[in-house]
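*Asks:* The following block contains the structure, expressed as structure tokens.
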Amino acid sequence: MPRPGAGLPPPRLSVRDAAAEAVAGIVQRPGRSGLTMLGTVLGVGAFVAVLGLTATGAGQISRQFSVLEDTTVTVADNGPANDVAPPGTYPTPGFAADADAIADHIHGVVAAGVWWPVALPQGTNFSASEALSGVTSQTVNLLAASPGAVKAMVLTMVAGARLSAYENDTAQHVAMLNTTTAATLGISAARLPSHPAVFVDGIAYTVVGIYSSAQRVVSGDSGMLIPEKTALAEYGNPEPGIGSYEEAQMVIATKTGAAEEVAREIAAAELPTDPKRLVVTPPQNPLKLQGEVNGDLAGLFLILALISLLIGAVGIGNTTLVAVLERTGEIGVRRSVGARPRHIAAQFLAESTALGTLGGLIGTCIGVAIVVIFAATKNWTAVLNPAYTLPAPLIGTVVGLLAGAYPALRAARTSPLEALRYA
Amino acid sequence: MTAPVIELRGLARTYPGPPAVHALRLADLVIELNDYVAVTGPSGSGKSTLLHLLGLLDSPTAGSYLLDGLDTSKLPDRDRSALRGRRIGIVFQAFHLLSYRTALENVLVAELYNQTSRGTRLRAAIDALIAVGLGQRLDALPTTLSGGECQRVAIARALVNRPSLLLCDEPTGNLDSRNAASLMALLDQLNSGGLTIVIITHDPAVAAHAGRTVAISDGILSERTGAPHA
């Protein structure tokens with residue numbers, strides 16, 4: 001008697017045939033295939049888009065840090081250890097008369113100067129001359145500023161000129177107004193050539209310039225700048241002490257990368273006899289801060305993207321399982337013509353994997369498009385890390401493979417007789 | 001001496017209950033090469049159980065089934081699958097065609113697992129469809145074919161691997177009389193060409209085409225002699 005099975009090669013399904021069957025299964029039911037893919041498309045698309053947008057946003061944050069936060073040092077006057085001022089007055093500021101020039105000698109300083117909000121009695125009136133508008137306001141912030149401070153503030157001028165060193169040295173009664181104050185008092189840019197004046201409780205200040213914004217030093221919505229020495233002459237020394245509203249401060253604009261070095265040197269340079277009186281605030285370590293921001297955002301969004309992928313995987317798994325149940329008859333037919341359980345499993349696994357790969361490809365394209373379009377509308381530079389963008393379609397492949405595993409196993413376990421009953 | 005195509009020795013199939021159903025009881029049957037056998041009986045008599053056992057879609061609970069001399073009851077699934085693919089062709093009453101595949105692709109499915117080249121498979125599938133009279137409908141979907149044409153596609157699928165045994169389960173059950181007559185003529189022609197055919201039917205007119213008729217009742221086989229061959 002011949003050996004069982006002798007003369008018959010075992011049934012085989014080549015990789016090429018399995019792939020062809022998978023493609024046929026996908027192409028010939030486009031509606032179902034599209035819906036099955038949708039989960040992976042959304043998951044991978046969200047993955048790529050979220051990480052791309054995070055990287056793009058972080059890049060933008062880094063740029064902001066580098067142009068402003070990274071180049072600003074502030075120094076506050078904490079006042080002398082022993083109060084040497086006569087009762088009822090404030091001590092001389094901790095900054096020397098030539099504080100601006102001293103700071104300018106430190107390598108890396110672009111501009112530096114002293115400023116403080118001038119303490120005025122409650123109800124001080126700011127008014128324009130009768131000839132102009134006669135309007136009176138009590139809500140203007142009066143700031144004293146040295147020429148170096150004005151330069152370090154980086155004012156955006158609307159009209160006129162900045163306070164000059166000469167005006168400061170000679171304690172001229174001149175002022176700069178921000179656009180809000182100018183509008184409140186009825187002083188327009190067109191009137192500057194006629195040297196309009198603002199009266200602060202009767203003391204006249206000639207307006208020499210109007211500015212719209214300052215990159216450094218926030219002075220509130222309504223501001224008026226007068227020379228430092230004019231303020232000292234008219235209103236006395238500023239109140240010392242960290243945290244007091246009127247404390248004198250030095251604002252320093254530095255070159256990129258020089259802020260930390262400037263922060264180390266400035267106190268001793270400005271007040272060598274008592275450097276500890278000056279409290280220096282260097283910028284936050286930009287790399288550390290940027291890393292923290294990036295890390296937090298990336299971690300959060302990565303979790304969201306993984307959840308999207310999980311939803312996609314469940315979608316593929318569920319739809320493949322339904323497909324297995326619907327195609328039980330087909331499984332029976334294939335078994336009746338010689339297919340082995342592993343061939344059935346391979347076919348369904350190939351289909352789900354192909355769907356996952358296709359979904360991953362489409363999702364990656366959509367994700368990249370979202371990042372690029374978003375960056376273009378914001379005029380930002382799109383940042384896409386190749387480390388996760390290029391392999392993203394493979395994520396779809398893995399999702400399809402894993403999601404199809406159980407349905408494929410279930411299909412393989414279906415007995416041909418049972419399967420044919422459903423055909 | 002050539003072994004019989006089919007040799008059943010005390011073959012039995014009992015479905016576990018409760019209550020247990022003895023669908024086939026100690027069946028002995030020998031079918032030689034080129035035999036044309038009709039298995040007849042009323043519904044529930046065990047006809048389909050016998051066909052499933054002969055087609056290796058099910059396993060017996062007792063006895064042995066020798067196909068071309070091989071004891072199939074001792075074969076692993078790999079060899080049973082190989083026999084289903086190469087030695088046995090099965091035609092079902094409901095055709096069991098893949099609705100989203102063309103006639104040609106439905107036939108090609110049967111060749112997918114037999115390790116031949118794609119060109120060889122394509123040629124064989126086209127030849128099989130031409131042989132059943134569907135050479136002009138290769139690209140037609142089953143939904144656009146008549147019942148008779150669907151059954152011919154199913155026969156082409158069953159024959160494409162050149163089996164030694166063709167099993168037909170109520171092949172005319174879903175056909176009108178004209179298509180049924182045409183199909184039986186095709187089966188007669190195939191038998192004349194040397195193919196061994198076993199038809200499961202409850203229709204005496206269909207059974208009349210076979211050279212032998214085996215009756216089955218309550219799972220017990222009994223052969224009638226002298227049945228006419230139409």
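*Asks:* For the list (1) outside any helix (DSSP H, G or I); (2) aliphatic (A, V, I, L, M); (3) at the interface with chain A (Cβ under 9 Å from one of its Cβ atoms); (4) crowded, with 18+ Cβ neighbours inside 10 Å, I need the number of the one condition that B:Val37 fails.
*Replies:* Among (1) outside any helix (DSSP H, G or I); (2) aliphatic (A, V, I, L, M); (3) at the interface with chain A (Cβ under 9 Å from one of its Cβ atoms); (4) crowded, with 18+ Cβ neighbours inside 10 Å, the lone unmet condition for B:Val37 is (3).
*Asks:* Tell me, yes or no, whether the stretch A:380-397 has at least one residue that is at pLDDT 85 or above, of a type in the set (Phe, Trp, Tyr) and in the same structural domain as A:Gly338 (by TED's automatic domain parsing).
*Replies:* No, the stretch A:380-397 contains no residue that is at pLDDT 85 or above, of a type in the set (Phe, Trp, Tyr) and in the same structural domain as A:Gly338 (by TED's automatic domain parsing).
*Asks:* Exactly one of these conditions fails for B:Cys150: (1) more than 10 Å from chain A (Cβ to nearest Cβ); (2) surrounded by fewer than 20 Cβ atoms within 10 Å (Cβ to Cβ); (3) not in a loop (DSSP other than H, G, I, E, B). Give me its number.
*Replies:* If we test B:Cys150 against (1) more than 10 Å from chain A (Cβ to nearest Cβ); (2) surrounded by fewer than 20 Cβ atoms within 10 Å (Cβ to Cβ); (3) not in a loop (DSSP other than H, G, I, E, B), just (2) comes out false.
*Asks:* Please work out if A:Val368 is away from chain B (no Cβ under 14 Å), free of Cβ contacts under 8 Å to residues at least 24 places away in the same chain and part of a helix (DSSP H, G or I). Break it down into steps so the answer makes sense when it comes.
*Replies:* On the way: away from chain B (no Cβ under 14 Å): yes; free of Cβ contacts under 8 Å to residues at least 24 places away in the same chain: no; part of a helix (DSSP H, G or I): yes.
No.
*Asks:* Checking B:Leu112 against (1) at the interface with another protein chain (Cβ under 9 Å from one of its Cβ atoms); (2) over 24 Å from B:Thr201 (Cα atoms); (3) in a helix (DSSP H, G or I), which single condition isn't satisfied?
*Replies:* Unmet condition: (3).
Each row is one residue, and each column tells you yes or no for (1) crowded, with 24+ Cβ neighbours inside 10 Å; (2) farther than 25 Å from A:Ala58 by Cβ; (3) away from chain B (no Cβ under 14 Å).
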site: A:Ser308; (1), (2), (3): no, no, yes
site: A:Leu321; (1), (2), (3): no, yes, yes
site: A:Val333; (1), (2), (3): yes, yes, no
site: A:Ile344; (1), (2), (3): yes, yes, no
site: A:Phe374; (1), (2), (3): no, no, yes
site: A:Gly400; (1), (2), (3): yes, yes, yes
site: A:Gly404; (1), (2), (3): yes, yes, yes
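*Asks:* Separate question: Looking at the stretch A:342-354, I want the residues that are outside any helix (DSSP H, G or I) and have a partner that is aliphatic (A, V, I, L, M) with Cβ atoms under 8 Å, at least 6 apart or on another chain. Which pairs are those?
*Replies:* No pair meets every condition.
*Asks:* Which one of the conditions (1) surrounded by fewer than 24 Cβ atoms within 10 Å (Cβ to Cβ); (2) more than 10 Å from chain B (Cβ to nearest Cβ) does A:Gly360 fail to meet, given that it meets all the rest?
*Replies:* Tallying (1) surrounded by fewer than 24 Cβ atoms within 10 Å (Cβ to Cβ); (2) more than 10 Å from chain B (Cβ to nearest Cβ), A:Gly360 fails exactly one: (1).
*Asks:* Considering only the stretch A:386-393, I want to know if a residue exists there that is assigned to a helix (DSSP H, G or I), more than 14 Å from every other protein chain (Cβ to nearest Cβ), free of Cβ contacts under 8 Å to residues at least 24 places away in the same chain and more than 47 Å from the chain's Cα centre (by Cα).
*Replies:* Taking the stretch A:386-393 as the starting set, the residues that turn out to be assigned to a helix (DSSP H, G or I) are A:386-389, A:392-393.
Okay, now just the ones that are also more than 14 Å from every other protein chain (Cβ to nearest Cβ), so A:386-389, A:392-393.
Filter once more, so that each one left must be free of Cβ contacts under 8 Å to residues at least 24 places away in the same chain: A:386-387.
Next, from what is left, pick out any that are more than 47 Å from the chain's Cα centre (by Cα): none.
So far as the stretch A:386-393 goes, no, none of its residues is assigned to a helix (DSSP H, G or I), more than 14 Å from every other protein chain (Cβ to nearest Cβ), free of Cβ contacts under 8 Å to residues at least 24 places away in the same chain and more than 47 Å from the chain's Cα centre (by Cα).
*Asks:* Right, next: Restricted to the stretch B:75-91, and to residues that are part of a loop (DSSP other than H, G, I, E, B) and more than 7 Å from chain A (Cβ to nearest Cβ), which residue is surrounded by the fewest Cβ atoms within 10 Å (Cβ to Cβ)? Explain how you work it out, then say what you get.
*Replies:* Pass one, the stretch B:75-91, residues part of a loop (DSSP other than H, G, I, E, B): B:75-76, B:87.
Now narrow it down to the ones that are more than 7 Å from chain A (Cβ to nearest Cβ): B:76, B:87.
Numbers: B:Pro76: 11, B:Arg87: 21.
Among those residues, the one meeting the criterion is B:Pro76.
*Asks:* Only one residue in B:Ala210, B:Ala181, B:Ala205, B:Ala185 is crowded, with 22+ Cβ neighbours inside 10 Å and at pLDDT 85 or above. Which one?
*Replies:* So the residue among B:Ala210, B:Ala181, B:Ala205, B:Ala185 that is crowded, with 22+ Cβ neighbours inside 10 Å and at pLDDT 85 or above is B:Ala210.
*Asks:* Of all residues in the stretch B:37-72, which are polar (S, T, N, Q) and more than 13 Å from B:Val5 (Cβ to Cβ)? Lay out the reasoning, then the answer.
*Replies:* Of the residues in the stretch B:37-72, the ones polar (S, T, N, Q) are B:40, B:43, B:45, B:48-49, B:59, B:61, B:64, B:72.
Once the filter is applied, which keeps residues that are polar (S, T, N, Q) and more than 13 Å from B:Val5 (Cβ to Cβ), the stretch B:37-72 yields B:Thr40, B:Ser43, B:Ser45, B:Ser48, B:Thr49, B:Ser59, B:Thr61, B:Ser64.
*Asks:* For the stretch A:234-254, state whether one or more residues are in a helix (DSSP H, G or I), modelled with pLDDT of 85 or more and surrounded by 15 or more Cβ atoms within 10 Å (Cβ to Cβ). Can you show your working first?
*Replies:* Taking the stretch A:234-254 first, the residues in a helix (DSSP H, G or I) are A:234-235.
With the extra rule that they be modelled with pLDDT of 85 or more, the set shrinks to A:234-235.
So of that shortlist, the ones also surrounded by 15 or more Cβ atoms within 10 Å (Cβ to Cβ) come out as A:234-235.
For the stretch A:234-254, residues in a helix (DSSP H, G or I), modelled with pLDDT of 85 or more and surrounded by 15 or more Cβ atoms within 10 Å (Cβ to Cβ): present.
*Asks:* Give the residue, chosen from A:Ala339, A:Ala382, that is small (Gly, Ala, Ser) and either within 14 Å of another protein chain (Cβ to nearest Cβ) or part of a helix (DSSP H, G or I) (or both). Spell out the reasoning first.
*Replies:* Numbers: A:Ala382 fails: either within 14 Å of another protein chain (Cβ to nearest Cβ) or part of a helix (DSSP H, G or I) (or both).
That would be A:Ala339, the only listed residue that is small (Gly, Ala, Ser) and either within 14 Å of another protein chain (Cβ to nearest Cβ) or part of a helix (DSSP H, G or I) (or both).
*Asks:* Assess whether A:Ala339 counts as being surrounded by fewer than 21 Cβ atoms within 10 Å (Cβ to Cβ), assigned by TED's automatic domain parsing to the domain that holds A:Gly34 and out of contact with any Lys or Arg (no Cβ under 7 Å at 6 or more places or on another chain). Full working, then the answer.
*Replies:* On the way: surrounded by fewer than 21 Cβ atoms within 10 Å (Cβ to Cβ): no; assigned by TED's automatic domain parsing to the domain that holds A:Gly34: yes; out of contact with any Lys or Arg (no Cβ under 7 Å at 6 or more places or on another chain): yes.
Taking the combined requirement at face value, the residue does not satisfy it.
*Asks:* Do you know which residues across the stretch A:22-40 are away from chain B (no Cβ under 12 Å) and hydroxyl-bearing (Ser, Thr, Tyr)?
*Replies:* Taking the stretch A:22-40 and keeping what is away from chain B (no Cβ under 12 Å), we get A:22-23, A:34-40.
Selection gives A:Thr36, A:Thr40.
*Asks:* Would you call B:Ala158 hydrophobic (A, V, I, L, M, F, W, C), outside any strand (DSSP E or B) and more than 16 Å from the chain's Cα centre (by Cα)? Step through it out loud before you land on a result.
*Replies:* Numbers: hydrophobic (A, V, I, L, M, F, W, C): yes; outside any strand (DSSP E or B): yes; more than 16 Å from the chain's Cα centre (by Cα): no.
No.
*Asks:* Looking at this structure, is B:Ala103 of a type in the set (Gly, Ala, Ser), more than 9 Å from chain A (Cβ to nearest Cβ) and closer than 22 Å to B:Glu170 by Cα? Full working, then the answer.
*Replies:* On the way: of a type in the set (Gly, Ala, Ser): yes; more than 9 Å from chain A (Cβ to nearest Cβ): yes; closer than 22 Å to B:Glu170 by Cα: yes.
Taking the combined requirement at face value, the residue satisfies it.
The values are calculated or read from the model by the stated rules, or taken from the named source; none is laboratory data. These figures come from a predicted structure and were not determined experimentally. Using ideal geometry, Cβ is built from the backbone for each residue, glycine included, and neighbour counts are taken over all protein chains shown.
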